[in-house]
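One structure is given here, and the rest of the page talks about it.
We did not get these values from a lab; they are worked out from the coordinates using the rules stated. Here the structure is a predicted model, which is why all the values come from computation and not from measurement. Positions of Cβ are generated from backbone atoms using ideal geometry, with glycine treated the same way; all protein chains shown enter the neighbour counts.
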Amino acid sequence: MSDTIQHLTIEGFKSIRNLRDFEFRPINVLIGANGAGKSNFVGFFRLLRELIEQRLQLLLQKEGGADSFLYLGPKVTKRFVAKLYFGNNGYEFALEPTADNRLVFAEETTFFKGQFGPFRASLGSGHVEAQLPSHKDDPGRTAAHGVEWYVFNAVSNWVVYHFHDTSETADVRRQWSIHDNVFLRPNAANLAAYLYRIRETNKSHYEKIRDVVRLAAPFFHDFYLRPIPANPELIQLEWQQKDSDYLFRPSQLSDGTLRFICLATALLQPSLPATVFFDEPELGLHPYALTLLANLFKQAVKPYGFFSNQMVVSTQSAPLLNEFLPEDVVIVERAEGESTFRRLDPMQLSEWLEDYGLGELWQKNVLGGRPRGDDTPQLSSVTGEPGMDKKP
C-alpha cells in the first residue's frame, strides 16, 4: 500500500480558490511567475503538517490569523476545504473562520476504499485542533489498526524541505544536539547529527551522500563528524578538503555548497519519506549541481517493489526545468487573484522539443507561466489562450 498522494482538492486556501482532483505523478515540477501560487501550494502542506501535529492555532497566530489563509478573506471564503487521497485511504477536512480570527473544524473525516469499503468515518466538528492524532491508536473494525492509524502515518510522513537559510546564524551552521538524529529536520538544522547517525548505522548511504557532494564540490574530501570535545552532547558540521588534514568549520562552506549538502542528504537518506516537497531548491547552485540534483530527483522516484517515492518541486530555474519531461511539469498561473494549475501536454510540445528544452520554451513564454505584458508567442493548445499552435 502506497502513501504517495494520488489526488488532491483544495478550495479557499490563500490564492487557491478551486483546485479539484489534482493528480499527482512521481515527479511534479511547479513553474510559474512570482506570486502565481507555487509557494501557496507548497505552503498548504506545511500547514497540513502543523495541523496533524495539533499546532494549527499556533501557526495561525504566528502568520496573521485565519483571514490571511482564506482566499480573498472571510467575506469571500466561508470555508477552506481539503481532500487528500493516497493508497486506499483519504483525509478530508473543512475549516471555517471564527469572529476571533481563528479556524475551527466544521468537518474532519477519514476515508477508506477496499475489501471492506468504501466508507467514511467522521472525527467530529467544532474542534480547534485536529482529532486525527487522538484517534490514530483506535482499533480497526477487522484489524489491530484502524483507518486513522494509516492516514496519520501517511500524512505525517510527508515532508516539506526548505534549505534557504544558510546565513552565518542559521541553525545548520551552529552546534546542535547530537541526539537529535532520528530524521532530517525540514530546515536541516540537525544535519551534522543526522549525517553522524547515518555514518554509524548505514555506511553505504553515507558514502553515497559523500560521493555526490564530491561531484558538486571537487575540493571536498569528507565530513569530519564527532561530538564537540568540550561538550559531547553537541555536534557541528566539520569537513576536510582534499589533500589536507585541516578541519574546516561550516562557516567555511559557501551557501550553495551547504544547500547542496542538505539536498543530497535529504534525497539519499536511508528512509526517504513517501512524498517530499522542495521549495526553490536551485537557490545558489551551480548549473552542474542542478544537473546532479535533477538526477537525484529522478533516482528517488524509481519504484522499489510495490513502493515508489514522490517528488514535488517548486522552481523558477530554466536549467533545472530542462532536465525533466513535459508530463512532469505543472504550469501555475494567476488571474484575478486566483491560482490555476495544469500539466503540459507532451504531444502538443513534441515538435518544439526537437529544437528546444523545456526551460528554453518557458523562457520564450511558449509554455505560459511567465509574467504577461509582452507579445511573445504562446502555444495556445498548451496554455488555452491565444497564441501560436506550432513553432514558426
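Amide H contacts under 5 Å for residue 13: 71, restricted to partners 5 or more places along the chain or on a different chain, H placed in the peptide plane at 1.01 Å from N. Amide H to amide H distances under 5 Å link residue 106 with 94, 95, 96, 126, where only residues 5 or more positions off or on other chains count and H is placed in the peptide plane. When 203, 113, 364 are sorted by how many other C-beta atoms sit within 10 angstrom of their C-beta, beginning with the fewest, the order is 203, 113, 364. On the basis of the beta-carbon distance and an R0 of 35 Å, residue 241 and residue 59 show a calculated FRET efficiency of 0.25. In order along the range 185-200, phi translates into HN-Hα couplings of 5, x, 9, 6, 4, 9, 3, 4, 5, 5, 4, 4, 5, 4, 4, 7 Hz, rounded to whole numbers, per the Karplus curve 6.51 cos²θ - 1.76 cosθ + 1.60 with θ = phi - 60° and x for Gly and Pro.
At an R0 of 41 angstrom, the distance between the Cβ atoms of residue 255 and residue 351 translates into a FRET efficiency of 0.55.
A simple spin-label model places pseudo-atoms 7 Å from Cα toward Cβ; at residue 168 and residue 120 they are separated by 5.5 nm.
Nearest 5 percent is fine: what portion of the DSSP beta bridges confined to the chain is antiparallel? Restricted to the chain, the bridges split so that about 75 percent are antiparallel. Footprinting exposure proxy ranking of 76, 329, fewest other C-beta atoms within 10 angstrom first, gives 76, 329.
Place a +1 charge on the Cβ of each Lys and Arg in the chain and a -1 charge on the Cβ of each Asp and Glu, then give the dipole magnitude about the Cα centre in debye, rounded to the nearest 20. Intermediate values should be presented prior to the final figure.
Values: 41 positive and 48 negative charges, 88 e Å.
Value, rounded to 20: 420 debye.
The Rg/Rh ratio for the range 1-128, using Cα coordinates for both the radius of gyration and the Kirkwood hydrodynamic radius, is 0.97. With 0.36 nm allotted per residue and the present C-alpha distance subtracted, the residue 200-residue 137 stretch has 19.4 nm of extension available.
Scaled against 2.2 N^0.38 Å for its residue count N, the alpha carbon radius of gyration of the range 84-205 is 1.42.
For the range 355-363, backbone phi angles converted through the Karplus equation (6.51, -1.76, 1.60; θ = phi - 60°) give residue-by-residue couplings of 10, 9, x, 4, x, 5, 5, 5, 5 Hz, Gly and Pro being listed as x.
Can you give the convex hull volume per residue for the Cα atoms of the range 171-264, as a whole number of Å³?
94
Its DSSP H runs of at least 4 residues, each contributing -39,500 (n - 2.57), put the calculated 222 nm mean residue ellipticity of the chain at -7500 deg cm²/dmol, to the nearest 500.
The ranking of 278, 219 by Cβ neighbour count inside 10 Å, starting from the fewest, reads 219, 278.
For residue 203, a cut-off of 20 angstrom between C-alpha atoms picks up these aspartates and glutamates, skipping any fewer than 8 places away in its own chain: 180, 211, 222, 238.
The Cα center of the range 172-230 and the Cα center of the range 306-365 differ in position by 33 Å.
As an equivalent ellipsoid, the chain spans semi-axes of 34, 31, 20 angstrom, where each value is the square root of five times an eigenvalue of the C-alpha gyration tensor, largest first.
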